[in-house]
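The values are calculated or read from the model by the stated rules, or taken from the named source; none is laboratory data. Keep in mind it's a predicted model, so treat the numbers as computed, not measured. Note: ideal-geometry Cβ built from the backbone for every residue, glycine included; neighbour counts use all protein chains shown. These area figures cover heavy atoms from the full protein model, side chains too; ligands, DNA and RNA do not enter into them. Shrake-Rupley method; radii C 1.70, N 1.55, O 1.52, S 1.80 Å.
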Amino acid sequence: MTIDYFSLGHPLARVRSRYALRARQRMYERFMDFARPGPGSAVLDLGVTPALSLPESNHFEQVYPHPEQLTAASIEPVDGLRARFPRVHFVQIAPGPLPFEDDQFEACFCSAVIEHVGDRAAQAQFVREIARVARRFAITTPNRWFPLEFHTFLPLLHWLPQPAHQAALRGLGKPFWARTENLNLLSAGELLHMVPDGVQAGVARVRLLGLTSNLVLTGSR
């Protein structure tokens, strides 16, 4: 079953989509400048989506110049993506530990996934797994302190403590987003706190109207 992480029926979805495409291009450029993968570098894109209706969906696969060396993984079905990107190796995986060897990849790009993997312990384990399978990585996520929450299109409520935020979402008829395993936003400091020992890390910022809308955690061993 495909998960609607994009609130496709919302009237602001098209506006968000136009911004998202520009933001994803900037985040892709940050990854390429940081990781500098070559034609022979094994690269993992962790968290592709089977949704094909949005221009920003699977942006990495659309623009990456060495698709034969690219593995794209998702917990969602990937069969439809194989026809769209025939030169990319797609893998459907289960939640939890990644089914890859230590240092199997030169680099990993993971866009807008970590906010959907569960509580802080699950998120920290997710970062450790990425650092285990890839020598360099970039993990992108929306900034919790941006005034608009992009999944629900609601302003400011996500600044509340999580229990109050989730109670408000349930009261507004959005129980899906009120579950921690579906939405658990992060700040820059919380991202950095999850980096395992032995990894050099930093956080870059992508801005909208002068405010930080997205965070890019980069790390290397």
* Structure fact -> Distance in nm between Leu160 and Arg120 label points, each 7 Å along Cα→Cβ, equals 2.0 nm
* To do: Go ahead and run the numbers for FRET between Arg128 and Ala168, Cβ-Cβ distance against an R0 of 41 Å, rounding to 0.05.
  => 0.80
* **Kyte-Doolittle mean at least -0.5 and Cα axial length at least 30 Å: DSSP H helices in the chain** => none
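Give me the number: length gained by fully extending Leu211 to Leu52, i.e. 0.36 nm times residue separation minus the C-alpha to C-alpha distance, one decimal in nm.
Here the answer is 54.3 nm.
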* Asked: Where both partners of a DSSP beta bridge lie in the chain, what percent of those bridges are antiparallel, to the nearest 5?
  -> 50 percent
* **For the chain: accessible area per residue (Å², 1.4 Å)** => 47 Å²
* Asked: How far, in nm, would the chain grow between Asp33 and Phe176 when pulled straight, counting 0.36 nm per residue and subtracting the alpha carbon separation?
  -> 47.9 nm
* **Among beta bridges that DSSP assigns inside the range 91-221, antiparallel share in %, nearest 5** => 70 percent
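Carbon-plus-sulfur fraction of the accessible area of the chain, 1.4 Å probe, in percent?
Taking all protein chains in place, the chain shows 56 percent carbon and sulfur surface.
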